[in-house]
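Below you'll find the structure, written out as structure tokens, and then a few comments.
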Amino acid sequence: MSFQRYAEYKDSGVEWLGEVPEHWEMCKTKFLFNLMKRQPRDEDKIVTAFRDGTVTLRENRRTEGFTYALQEIGYQGVRTGDLVIHAMDAFAGAIGVSDSNGKSTPVYSVCKPIDAVNAWYYGRLLRHMALSGYVSSLAKGIRERSTEFRWVEAGNVALPFPPLPEQSAIAAFLNRETGKIDALVAEQEKLIVLLKEKRQAVISHAVTKGLNPDAPMKDSGIEWLGMVPEHWEVKRFKDVCSEIVDCKNRTPEENEQGKYFVVRTSCIKDGRFDTSQGYFTDYDNFVEWTKKGVPQAGDILFTREAPAGEACISPADIPFCLGQRMMYLRPDNNKITSKYLMLSVYGPLARESIQSKSKGSTVGHLRVGEVGELPCIVPSVTEQKEIVTYIDNLNDRIDSLTLEAQRAIDLLKERRSALISAAVTGKIDVRELTAKEH
């Protein structure tokens, strides 16, 4: 959808802003808002976060009539319609308008709009400036390279000053249009979640029930699992692996000139290997950290902690050693293939055991012996390969759909940002569009 521009423009005199509508004025921030220092009230909620231009507040915690928040010195009152700016995180978008009464710590600037100001318009404008990289514009006059928002200095920044009805029209337009875009983004995000759930459900079924719906079944002996194919065997990881090797339980030193990659737990997620999360070390560290064994292509890398139970197949194109809380499992190829073992890590039998042993926490811990005891259900190697091929084809389709959904999200977010930019800086005229809604 295209939007019309204003009939006439003029130079704003501000480099980042460029031209503004002819009838718009420019005004310093300090003449648009008054910096407030109110006394807080005992019943006030506490400012805790920002969400897309709106300030989030939570109730006070009270025990035996005592309010924990009031132990802090310097709390200040926040009122509905105040513009609230976090001094340290303003340039990351921590700017918003409070939709209720509350209080905040001194790290926030609490600004009350004058009568001719719509705080929601300026909340959108300032947040757009921050997120779009106009830090130097917001911080003009502030110490070079400072990342802290200082009201006393930022008050001299010149901002566009449309007539109040126009400010309100722009704010209303953006609330409506960004709401529509946010709904579309939410749909795509929901699709990505459903695709992930679909992937997990298919893997779980494939590694416990197989691909043949007519295969003879037997009782697994595990109540919640029920029946499994008759010819499959319940094994432990140590029964189907030739080696299970733990890391040195210390982290090798980083060396930017080194040629040996250090695999950290953050390198592994949902069966995938991500080199951006690791670092390199030198030969001496590599030798020291591979004394227990050198990981090989086809081994399964496994995280024992932070989080416990993530796995992927070892990369074949990079020499590496294990960082802290990492281990590798070397499958016995006569019993189990690498890919089927990795699928088994994410199957319901192993997941239930991992969650039980690590107490279901992302910071849970698995001991080496416990990893060896993790259960899996093992068909013949031929059937394992058939299952892996089936899952690979499914993953290709799901990856394609997920990528398509993520691209749609990225485009929607780009459009959202461009729309906000155009509206708050007067590059489009939304007055008639807003009037039609009423």
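Data for the structure
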| quantity | calculated |
| --- | --- |
| Test result for D270, among the acidic types (D, E) and within 24 Å of the chain's Cα centre (by Cα) | yes |
| Every residue from region 13-26 that is surrounded by 15 or more Cβ atoms within 10 Å (Cβ to Cβ) and more than 37 Å from the chain's Cα centre (by Cα) | P21, W24 |
| Unique residue being of a type in the set (S, T, Y) and more than 18 Å from I336 (Cα to Cα) when the list is S314, S220 | S220 |
| Sole exception among (1) β-branched (V, I, T); (2) surrounded by fewer than 22 Cβ atoms within 10 Å (Cβ to Cβ); (3) more than 20 Å from D299 (Cβ to Cβ); (4) touching a residue at least 40 places away in the same chain (Cβ under 8 Å) for V388, by number | (3) |
| Candidate set: region 59-92, residues that are over 30 Å from A171 (Cα atoms) and β-branched (V, I, T); chosen: the one modelled with the lowest pLDDT | T63 |
| Sole exception among (1) surrounded by 15 or more Cβ atoms within 10 Å (Cβ to Cβ); (2) assigned by TED's automatic domain parsing to the domain that holds G309; (3) not aliphatic (A, V, I, L, M) for E256, by number | (1) |
| Condition met for I387 (over 30 Å from A169 (Cα atoms), among the β-branched types (V, I, T) and in a loop (DSSP other than H, G, I, E, B)) | no |
| Boolean, T265 is under 28 Å from the mean Cα position of the chain (by Cα), buried (at least 20 other Cβ atoms within 10 Å of the Cβ) and free of Cβ contacts under 8 Å to residues at least 40 places away in the same chain | no |
| Set K235, K248, K218: member being free of Cβ contacts under 8 Å to residues at least 60 places away in the same chain and not aliphatic (A, V, I, L, M) | K218 |
| Selection from region 158-201 of residues that are within 22 Å of Y9 (Cα to Cα) and either touching a Gly at 6+ places or on another chain (Cβ under 8 Å) or surrounded by 19 or more Cβ atoms within 10 Å (Cβ to Cβ) (or both) | A158, L159, P160, F161, P162, E166, Q167, A169, I170, A171, F173, L174 |
| Within region 283-362, helices (runs of 4 or more DSSP H) holding 2 or more residues that are touching a strand residue (DSSP E or B) at 6+ places or on another chain (Cβ under 9 Å) and more than 26 Å from I222 (Cβ to Cβ) | 283-289 |
| Set V228, V245, V262: member being β-branched (V, I, T), part of a strand (DSSP E or B), within 29 Å of P348 (Cα to Cα) and assigned by TED's automatic domain parsing to the domain that holds L322 | V245 |
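Yes or no, residue by residue, for (1) modelled with pLDDT of 95 or more; (2) under 29 Å from R397 (Cβ atoms):
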site	(1), (2)
K180	yes, no
L191	yes, yes
L195	yes, yes
A215	no, yes
V234	no, no
S242	yes, no
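The values are calculated or read from the model by the stated rules, or taken from the named source; none is laboratory data. Note that the structure is predicted; figures quoted are calculated from it, not measured. All Cβ positions, even for glycine, are placed from backbone atoms using ideal geometry, and neighbour counts span all protein chains on display.
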